[in-house]
Amino acid sequence: MAAIPPKKVRGKKGGASTPARRSWRVQLGGPSFLGNLFTTVLIFIFLMSAYSLVASFFEPVNTTSLSSVAADVAAGKVTAITVNGDTLDLTYADSSTKISRKDPSAGLPETLATYGVTPAELAKVAITIQGQSGFQFWMMALGPTVLTLLFFGFLFWFLSRQVKGAGMQALTFGQSKARVIDPADASQRVTFADVAGAREAKEELVEIVDFLKNPKKFLDIGARIPKGIILMGAPGTGKTLLARAVAGEAGVPFFSISGSEFVEMFVGVGASRVRDLFQLAKKAAPAIIFVDEIDAVGRVRGTGVGGGNDEREQTLNQILVEMDGFEPTEKVVVMAATNRPDVLDPALLRPGRFDRRVTIDLPDRRDREEILKIHARQKPLGPDVVLSVIAERTPGFSGAELYSLMNEGAILAARDDRKEVTQYDLIRSIEKVMLGPERKSHLLSKREKELTAYHEAGHALVSSVLPYADPVHKISIISRGHAAGYTLKLPFDDRKMQSRKQFLDDIAATLGGYVAEEMLFDDVTTGPSNDLAVITALARGMVARYGMSEKLGPIAFGERVMGNEPYSEHVASQIDAEVARIIDEAKTRATKVIKDHRKALDAIAKELIEKETVEREDFEKTLIANGITPKKREEEFIPIQS
Ligand code: ADP
Ligand code: ZN
Ligand code: MG
């Protein structure tokens, strides 16, 4: 049940994130290692018990002591003795047999002599000396030793096998695992032609391309080319793409690592990887080193928020050291990207480091169309496709989102076994990228359906009546992602700024769902909880960040966190009071709209219950039928010539 302002709630960005590479991670202590150790111990226990079983099998059962043997011999009861190693097989006069043992190192006569048997008495006994069977002897004598040795050998082999993969890496993980893109590899080559929009950024970077292509020209005349360029922009705006394009244009190798790979690393590893990376790049110069997501290591040091991270600091320090240590003559340009320039350590931005900053904005309508064209290159489009319309309907989309929109469209076409992507495929993909896939299986009870319909109708109605709210493009009670239903509002233009009036109408429209529920069902559900979070954030932003509260005036109060309290408790409670007042007034306005246009609300809700999804054209007809004039777009859209 969300009113969705296009920039606030979005689906996952597609294609923008590279999975973190974890191949270097050592698995010691990991579950599989422990599991294998456990198996090894089990095998050992099994071998030991097998051994004692075998040993006891050879253990004679009917044994008698040597002293009684001696006594029997002296008494002449024994007729024959077979000596088998340390085992004595005794045969008695009554032809019974017994077994006894002696010390294997001493002979039988000596042994019996110590028990007082005289040679004469012994002479009456037939003595046969039999070599003990080799196996049995060795088994007894060496069994335990051999088994223990075997066990340790086995254990060692097992462990070395385990550790080999990881261990080899453990030995080499200092070396950079940077991905390298070779300029000769045409399949990987990206040029400026693959990056739409971002005009200013490209202009800035052309100079770097020139330098990398022809460093001598610049060095001869004593020009200093920046060592470090930092690309700043929202996720998916093409920072990584642009950095690769610089390398592609210049035809130099591109070494890239991501800051997030350094997090969770062993202390010291990050720093040595940075060192190796710079060394590799210098050898390959001219070259580009690209540090993606540099904010992951380049956050302000020593703030103590969340505890210090030694590894991060050491990695960052190493980057700084390397950048300070190389000369422009080394023809290596370091590029970095971040979507959080605000958290970067100022040390990174000092002259001689990342002193050149390039901002990449979210694409505007024209850029969006160009980006769509780039990604439509390999996709056969149907004759009805008008990319400018898609571009118009996707304010706030990043390049990465436009890429996945195109991709989703192609998937829809392929699913239906069609050879061409149609406009309808692309339109459906907009919502999919924005909100996540539809959940048709999510069945609503009759009452839930009614409630959701009135909730969404409330958003749509207030949006349409209040002059500064965005026009409604579509309303639906088919759940998507987390929302039970949604009202798609799109501004006419790409909005870079938002005024106080727009904020206030936005808050009222977002409250429209809550107000409709309360008024009609005399109750509120958990449905609008997301709406409430949105409006609270909006109202707080108005008061504390944008200076839009008359009472508190044009002051940006900043964030109040532990240990950093830029304003007093008194001001904090004044801010809270202002936020509450703004929301309360918005609620009053939303309530008035819904009361004044109760018939329209019922009509919209009824249509929703019937059709589940209502597009803009039908919605506007309902508005007109109820005496509400739909918003008109101010300017005509001018399509780009291709
Ligand atoms: P970032 O690094 O800023 O998060 P990426 O460079 O990884 O964004 O962009 C992800 C993908 O989105 C790119 O591979 C490309 O397909 C698409 N993309 C983003 N911006 C553009 C653009 N300006 N032109 C063409 N494609 C783009
Ligand atoms: Zn809602
Ligand atoms: Mg990136």
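The values are calculated or read from the model by the stated rules, or taken from the named source; none is laboratory data. In this text, all values refer to a predicted model and were calculated from it rather than measured experimentally. Cβ coordinates were reconstructed from backbone atoms using ideal geometry, including for glycine residues, and neighbour counts include every protein chain displayed.
Checking each residue in the range 506-527 for being touching a Leu at 6+ places or on another chain (Cβ under 8 Å) and either within 16 Å of ligand 3 (Cβ to nearest atom) or assigned to a loop (DSSP other than H, G, I, E, B) (or both) picks out 525, 527. If you filter the range 414-443 down to residues that are of a type in the set (A, V, I, L, M) and surrounded by 21 or more Cβ atoms within 10 Å (Cβ to Cβ), you find that the one that is modelled with the lowest pLDDT is 435.
From the list 295, 355, 342, the lone residue that is assigned by TED's automatic domain parsing to the domain that holds residue 261, under 24 Å from residue 239 (Cα atoms), without any contact (Cβ under 8 Å) to a residue 12 or more places away in the chain and more than 16 Å from ligand 2 (Cβ to nearest atom) is 342. Tell me, which residue of the range 495-518 that is farther than 20 Å from residue 452 by Cβ and charged (D, E, K, R) is nearest to ligand 1 (Cβ to nearest atom)? Among residues in the range 495-518 that are farther than 20 Å from residue 452 by Cβ and charged (D, E, K, R), the one nearest to ligand 1 (Cβ to nearest atom) is 496. Is it fair to say residue 330 is surrounded by fewer than 18 Cβ atoms within 10 Å (Cβ to Cβ) and either at pLDDT below 85 or more than 15 Å from ligand 1 (Cβ to nearest atom) (or both)? Here the answer is yes, as residue 330 does meet what is asked. Looking across the range 358-384, the residues that are crowded, with 17+ Cβ neighbours inside 10 Å, part of a strand (DSSP E or B) and more than 10 Å from ligand 1 (Cβ to nearest atom) come down to 358, 381. Step by step: first the residues of the range 151-209, then only those that are over 24 Å from residue 279 (Cβ atoms) and among the aromatic types (Phe, Trp, Tyr), then the one that is modelled with the highest pLDDT. Which residue is that? Within the range 151-209, the match that is modelled with the highest pLDDT is 192. The single condition among (1) within 29 Å of residue 207 (Cβ to Cβ); (2) out of contact with any Pro (no Cβ under 9 Å at 6 or more places or on another chain) that residue 371 does not meet is (2). Exactly one residue out of 600, 586 is touching a residue at least 60 places away in the same chain (Cβ under 8 Å), closer than 14 Å to residue 457 by Cα and hydrophobic (A, V, I, L, M, F, W, C): that is 600. Filtered by the rule that a residue be assigned to a loop (DSSP other than H, G, I, E, B) and exposed (fewer than 15 other Cβ atoms within 10 Å of the Cβ), the range 613-627 gives a lone residue, 627.
Of everything in the range 259-290 that is within 16 Å of ligand 1 (Cβ to nearest atom) and modelled with pLDDT under 85, the residue that is farthest from residue 349 (Cα to Cα) is 261.
Out of everything in the range 229-247 that is of a type outside the set (A, V, I, L, M, F, W, C) and surrounded by 22 or more Cβ atoms within 10 Å (Cβ to Cβ), what residue ends up being nearest to ligand 3 (Cβ to nearest atom)? Reasoning before the result, please.
Kept after step one, since they are of a type outside the set (A, V, I, L, M, F, W, C), are these residues of the range 229-247: 233, 235-240, 244.
Checking which are surrounded by 22 or more Cβ atoms within 10 Å (Cβ to Cβ) leaves us with 233, 236-240, 244.
Details: 233: 9, 236: 8, 237: 9, 238: 8, 239: 5, 240: 3, 244: 10 Å.
So, considering only residues that are of a type outside the set (A, V, I, L, M, F, W, C) and surrounded by 22 or more Cβ atoms within 10 Å (Cβ to Cβ), the one nearest to ligand 3 (Cβ to nearest atom) is 240.
Of the residues examined, residue 353 is not one that is outside any loop (DSSP other than H, G, I, E, B) and more than 16 Å from ligand 3 (Cβ to nearest atom).
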